[in-house]
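The values are calculated or read from the model by the stated rules, or taken from the named source; none is laboratory data. It should be emphasised that the depicted structure is a prediction, and the values quoted were computed from it without experimental measurement. Glycine also receives a Cβ, built like all others from the backbone with ideal geometry; neighbour counts cover every protein chain displayed.
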Amino acid sequence: MSGSTQNGAPGPVEFGRVGGYLAAIAVLWLALNEISLLSGGFLAADDSSWMFNTMAGPGSWGQADGWHAVLDADQLQHWGRLLAAYLVLDFVFIVVYTSALWQLARSWVRWLVVALAAFDVLENVGTIWLGIERCAGADCVPSAGPTVVAVITTLKWLAVIGLLMAGIARLRAGPLRRIWRAVWIQRFSLLAFLPLAALAIVPGSNVFDQLPDVQRRWLDAPIGLWHAAAAGLVYAVVLLPAIFVLGRIRADWAQRRVVGDGYWPFWDDLAHQRPRRQDLRLWALGPVLLFAVALVIAFAEGGTVFWPRLVVFCAIPVLVMIVSALVYRHGEHSPRPLRPVTATFPRDVMAAGDAIAIAALSLAGLGMVRAFTGLAALELAGLLDASYVVPPWLALLVGAALAIVPWLVARPVLAAIATWSGRPTPVRQYVGRLAEPGTDVNGSTAVLGAPRKALRISLLVTSIVLFLFLAAWPRLVADGLGVLAATMLALTTLVTMVGVIVVYAQERQPPEIFQIGPRVFRRRATPIIALLVVALILTGLAGGKTDIHPVTAAGTVPARPTMRQAFDAWLAQSGGCAYPVDAGLSIRPMLMVAAEGGGIRATYWTASALAKIGATGNGCGRRVALFSAGASGGALGVTIARFSGRPVPAVEAIAGHEALGAASVSLLSGDLLASAAGLRFDAASPYRTPTAQPLDRAELMETTWEHRLADLRTHFLPDQVDQATSGEGAVTGQLVLTSTAVRDGCNALLSQLDLSAGGRSSGGAPVCGAGAAGAHNYDLLGLYGRTGNRSAKECLGNIQALTAGLLASRFPYVTPSGVVEECGDLQAAQLVDGGYTDNTGLSTIVDLAPLWLPLVRAHNDQVIAEGKGEFVVPLVVYVENGTGPDFSTATHDNAPPDSRVIPGTPGDQAIGWTQIPESLVPPVTKLYTAKGNATASRPMLARAAEVVSPGGLCTDAPQCRQLRTDPRVAGRVFVVHQSTQPSLSAPLGWTLSKASQQDLTDDLRAALVPCGPGCAGFATLGDLIATLTPAGPN
């Protein structure tokens, strides 16, 4: 219940009990879900796995056979400990939700609550019984046991359905509309934390695991504790006060709407003779400030001003100001009538604002619960071999307390603040009046006052200054605060800046330009957000295509080796992994590596696998690959392995918070300022020319990584044809990285091989599939590169190594698309992550087979004819980045037809625009232009196996048949896959905690186990190492 203050303003609402129950239920549910996800990592003898949640879920009947799956002794011991932890939490979960539902339910519905709790308890008892009966190495579970438990589980879910139906029957439209309206009015407070909260607590993998992994890094080293403290400080000092103050400002507006019903905020009197017009001069403040900043940037040479964008952006408020002034003087106008309000309106709005503020704090705790439950459970089960500066269980308890306690103490705290307005202490009195709707800080309750004017001006000025600071120095903020704190600060700053402007605008009539025309076009309030959206669209149309996210490089594109030259250079190397088979004859494996994408997880996994390959056979593994392909994080992994002699430590060096933090801050400040208003501050780029450049968030990541990776401070293309297949960095061979063209979904290859032969353009765009680059590709540097024959400054030079790696790894929304400028008759090319089309890298190997396979065949025919030399056997190595099926258990017997759309056919989707707005790039690319070109790992592996099959290696002859079927190279396709084991899911993002790194290291250790003779599936990394070892397999 809520009371009222002396001026009739609503008092704080009591929602501590409801909020506390909901928070406790959320804590327990998140913890149960995380433990359940871990349980799915136990791979039984029949290669099956299942999670605890599935055995207790609606589909339990289909999972009953999982009880009969056989685990070994170690697995069963760890599984039993996880099950015990899960059941203990589930019993607590039953107590909490039963108590909550009992207080909420009435009459016969309480019997449903009792039934639900009873069935849930019986289900747990049955689970305990089945868990005890389960034994190592055999099926000891009674055949009828799982069925009995499944029946109980079904009854439990029927009770859940009954409760849901009873709850729906009690819903009323009126209260729901009131709640929706109150939340809508408080939407800016909600936006201040909801995006991060969603990433922190929504169960999921890949992108949804990034923020929890950022939090896990807090426990890795002492600096992580500072990042945790910084996040708490930003929450307590910036985010929470901002949300609370914005909420109470909106509640003040609601209170004045009720007290001044019939005239406020449009009129100063009931007779409607004195309109509350906006001061149109304020609309000029934004343009004046932006032009002032532009002049400072221009004269100080501290950045770049994109004048067309700036002029268009500033023209919008100036146009609103001028047209409104003309309409006011010469035209008829009137605002759209306000919606009616009730006496409960201020209470609803204030309660929504207070609840949002408390929820912001509570959700921070829930995020910690999700982040640290897995670590604590693995430690409890004996599956975690790592040390932390703070025990994971302690971090988990802190998160649980942070999620629940704020709801319990909220009412007393808010009630105390409500009494401060009458206190003699100046600070308390100011805060109390600030928090009291309808009261000015001077104590006045007059509707026509200027409520909280000084506070609003302070908030606006502070947020503007802070926004410009974040745009100018994103690295400084990210390095000092860490990813989470820096991102919260940037998001809160942006929301506060826009929110204060909206609050001011809604306390007056909208400008007269929005009061003309038919009623449907007239506005009740100034459409600030709509104007910002229009401004972003118009500035995008007015600005240059490469203003904001350019991909540029000085110099020229040096001569690149053709596939033949690369193959000849590879053959000429000494110390390959060849082994003798006959007098004068030997077999020499030739690897082609495909690295699947997936952010820093794929980068680490790829680097780890290539490091093992490179160390094989006394170092011969460093000279065994002809070329490596990849997309997304896999592309970055092969790039690092190509240029660094120690790829794993290199990836560990860039797996910290610095790059992601700078990119996140820039996303919400620098890139937004440049896109909208055309202002870009310079950032340090000490290893590039010039040493200070206007960098977007992708370039900030690249230059941040260059600071840590000296070996990567180089160009992508070597100066000599054979440089990529010699020296310490040759474990990858030549690089062929996949990026996706937004326009048509074609694979734009960033290749160290010259694949430009036959490439051509039509209508200002590359013809996809024309020439040597392959059926679904084109050679980006061949068509857009600055060469001796094409020297226009707009063309692309020799890009940096990390630029190439990240250009193939730009997935939304942390990294933007990259735009290559017009070159000759080609229009600008907008490029994104190669994973939109081929996340495996395998299609590059398959599509380039017409180039490399004839070379292998001709060479082998010559070796057989001469009776001496090295017989080349091509092998495909797929570095798989998922945590899905075990690739050692099954293969495709026959390659299915290629499902990719043939370029130029009716199914080939393309867009005529040369550039898609950045916010629309992911859906347009994934759902339209690249939809028909997407690939999957299993079909592409089957096609890869087909192109390296023995029949194509030489012309049929007895000696040919003997060599190509040598048992040492019987496996032609090797899959380095992540094992199915209880572990935390490494995130799809750009930071990687020590726990995630350890998880991948354990997976690699499992991958070193050979599949063995008679293996039904793809050969493993262990099989590959045995193949490359000169002594051959045992």
Give the residue, chosen from Ala559, Ala486, Ala525, that is closer than 30 Å to Gly771 by Cβ and either in contact (Cβ under 8 Å) with a residue 12 or more places away in the chain or surrounded by fewer than 23 Cβ atoms within 10 Å (Cβ to Cβ) (or both). Ala559
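Residue-wise test of (1) of a type in the set (D, E, K, R); (2) over 20 Å from Gly480 (Cβ atoms); (3) in a helix (DSSP H, G or I); (4) without any contact (Cβ under 8 Å) to a residue 60 or more places away in the chain.
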site	(1), (2), (3), (4)
Val648	no, yes, yes, yes
Ala653	no, no, yes, yes
Leu660	no, no, yes, no
Ala663	no, no, yes, no
Ala676	no, yes, yes, no
Arg688	yes, yes, no, no
Asp711	yes, yes, yes, no
Asp719	yes, yes, no, no
With the structure loaded, tell me whether Ser632 is of a type outside the set (D, E, K, R), in contact with a strand residue (DSSP E or B) (Cβ under 7 Å, 6 or more places away or on another chain) and at positive phi or whether it fails that test. yes
State which residue pairs qualify: first residue farther than 18 Å from Leu484 by Cα and part of a helix (DSSP H, G or I) and inside the stretch 988-1010, second residue at pLDDT 85 or above and polar (S, T, N, Q) in any location, beta carbons under 8 Å apart, and separation of 6 or more residues or different chains. Leu1000/Ser608; Thr1001/Ser608; Leu1004/Ser608; Ala1007/Thr1020
Just to verify a result, which residue in the stretch 477-523, among those that are hydroxyl-bearing (Ser, Thr, Tyr) and farther than 17 Å from Ala197 by Cα, is farthest from the chain's Cα centre (by Cα)? Tyr504
Does at least one position in the stretch 557-565 carry a residue that is in the same structural domain as Pro854 (by TED's automatic domain parsing), outside any loop (DSSP other than H, G, I, E, B) and of a type in the set (A, V, I, L, M, F, W, C)? yes
Residue check: is Leu920 in a helix (DSSP H, G or I), surrounded by fewer than 21 Cβ atoms within 10 Å (Cβ to Cβ) and among the aliphatic types (A, V, I, L, M)? yes
Checking the conditions here, which among Ala229, Ala271, Ala254, Ala197 is more than 16 Å from Leu984 (Cβ to Cβ), of a type outside the set (Asp, Glu) and not in a helix (DSSP H, G or I)? Ala271
Keeping to the stretch 374-395, report how many residues are part of a helix (DSSP H, G or I), more than 14 Å from Leu83 (Cα to Cα) and touching a residue at least 60 places away in the same chain (Cβ under 8 Å). 3
What's the total number of residues in the stretch 812-857 that are among the aromatic types (Phe, Trp, Tyr) and either outside any loop (DSSP other than H, G, I, E, B) or surrounded by 24 or more Cβ atoms within 10 Å (Cβ to Cβ) (or both)? 2
Here is a list of conditions, (1) without any contact (Cβ under 8 Å) to a residue 40 or more places away in the chain; (2) of a type outside the set (Asp, Glu); (3) closer than 17 Å to Leu89 by Cβ, and Trp420 meets all of them except one; can you say which number that is? (3)
Within the stretch 95-107, identify whether any single residue is under 23 Å from Tyr21 (Cα atoms), aliphatic (A, V, I, L, M) and either exposed (fewer than 15 other Cβ atoms within 10 Å of the Cβ) or in contact with a Cys (Cβ under 9 Å, 6 or more places away or on another chain) (or both), and answer yes or no. yes
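For (1) of a type outside the set (Phe, Trp, Tyr); (2) under 19 Å from Ala741 (Cα atoms), each residue gets a yes or a no:
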residue	(1), (2)
Tyr784	no, yes
Pro812	yes, yes
Gln830	yes, yes
Gly835	yes, yes
Leu851	yes, no
Go through the stretch 430-483 and report how many residues are free of Cβ contacts under 8 Å to residues at least 60 places away in the same chain and not aromatic (Phe, Trp, Tyr). 22
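Let's see how each residue does on (1) crowded, with 19+ Cβ neighbours inside 10 Å; (2) at positive phi; (3) in a loop (DSSP other than H, G, I, E, B):
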position: Gly20; (1), (2), (3): yes, no, no
position: Ala31; (1), (2), (3): yes, no, no
position: Gly41; (1), (2), (3): yes, no, yes
position: Ala45; (1), (2), (3): no, no, yes
position: Thr54; (1), (2), (3): no, no, no
position: Gly57; (1), (2), (3): no, no, yes
position: Arg81; (1), (2), (3): no, no, no
For the stretch 304-314, indicate whether the set of residues that are under 30 Å from Val234 (Cα atoms) and surrounded by fewer than 16 Cβ atoms within 10 Å (Cβ to Cβ) is non-empty. no
Filtering the stretch 781-808 down to residues that are under 30 Å from Thr606 (Cα atoms), over 24 Å from the mean Cα position of the chain (by Cα) and among the aliphatic types (A, V, I, L, M), which residue is surrounded by the most Cβ atoms within 10 Å (Cβ to Cβ)? Leu781
Cβ-Cβ below 8 Å, separation at least six or inter-chain, first residue in the stretch 143-172 and part of a helix (DSSP H, G or I), second at pLDDT 90 or above and surrounded by fewer than 16 Cβ atoms within 10 Å (Cβ to Cβ): which pairs? Gly145/Trp129
Regarding Thr496, is this residue surrounded by 18 or more Cβ atoms within 10 Å (Cβ to Cβ) and of a type in the set (S, T, N, Q)? yes
Restricting attention to the stretch 541-556, which residues are of a type in the set (Val, Ile, Thr) and assigned to a strand (DSSP E or B)? Val551
